[in-house]
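Let me begin by presenting the structure, written as structure tokens, before commenting on it.
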Amino acid sequence: MEGQETRIVNSLEKISAGLGIDFAKGINIMSDATQTAGSVANEAGLSFEKYAASVGKISEMTRLEG
């Protein structure tokens, strides 16, 4: 698990910086969605990065939260 925290934080920052929504809001949306359905996405074979990017992009496009 060591190093995973850094990978997750770096991924959230990078993805949120590329979205057309507020930086902090993007991170919150992705974090909330991961807490809610992250294990399901993992079981489906999605990487954290792909899942977070998908949630972020959907939120950006729809203006809805995760």
Give the aspartates and glutamates reachable from K25 as a straight Cα distance under 20 Å; neighbours fewer than 8 places away on the same chain don't count. E5, E13, E49, E60, E65
Run the accessible area of the stretch 4-66 with a 1.4 Å probe and give the carbon-and-sulfur part as a rounded percent. 56
Kindly express, to the nearest 10 degrees and within the range 0 to 90, the angle between helix 4-17's C-alpha long axis and the longest C-alpha principal axis of the chain. 20
Under a plain spin-label model, where a point goes 7 Å from the Cα along Cα-to-Cβ, how far apart in nm are L46 and I21? 1.4
Let me check against my output: what whole-number percent is the relative contact order of the chain, with C-alpha pairs under 8 Å and at least 6 apart? 35
Tell me the label-point distance for the pair E60, Q4, using the 7 Å Cα-to-Cβ offset, in nm and rounded to one decimal. 2.7
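On average, how much accessible surface per residue is there in the chain, in Å², for a 1.4 Å probe, leaving out ligands, DNA and RNA? Don't skip to the end; give the middle numbers.
Values: 4490 Å² over 66 residues.
On a per-residue basis, the chain sits at 68 Å².
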Packing-ranked peptide list from 38-48, 8-18, highest mean Cβ count within 10 angstrom first, is 8-18, 38-48
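The values are calculated or read from the model by the stated rules, or taken from the named source; none is laboratory data. Just so it is clear, the structure is predicted and the values come from calculations on it, not from any experiment. Positions of Cβ are generated from backbone atoms using ideal geometry, with glycine treated the same way; all protein chains shown enter the neighbour counts. Ligands, DNA and RNA are stripped out before the accessible areas are found, and what is left, the full protein with its side chains, is counted by its heavy atoms. Shrake-Rupley method; radii C 1.70, N 1.55, O 1.52, S 1.80 Å.
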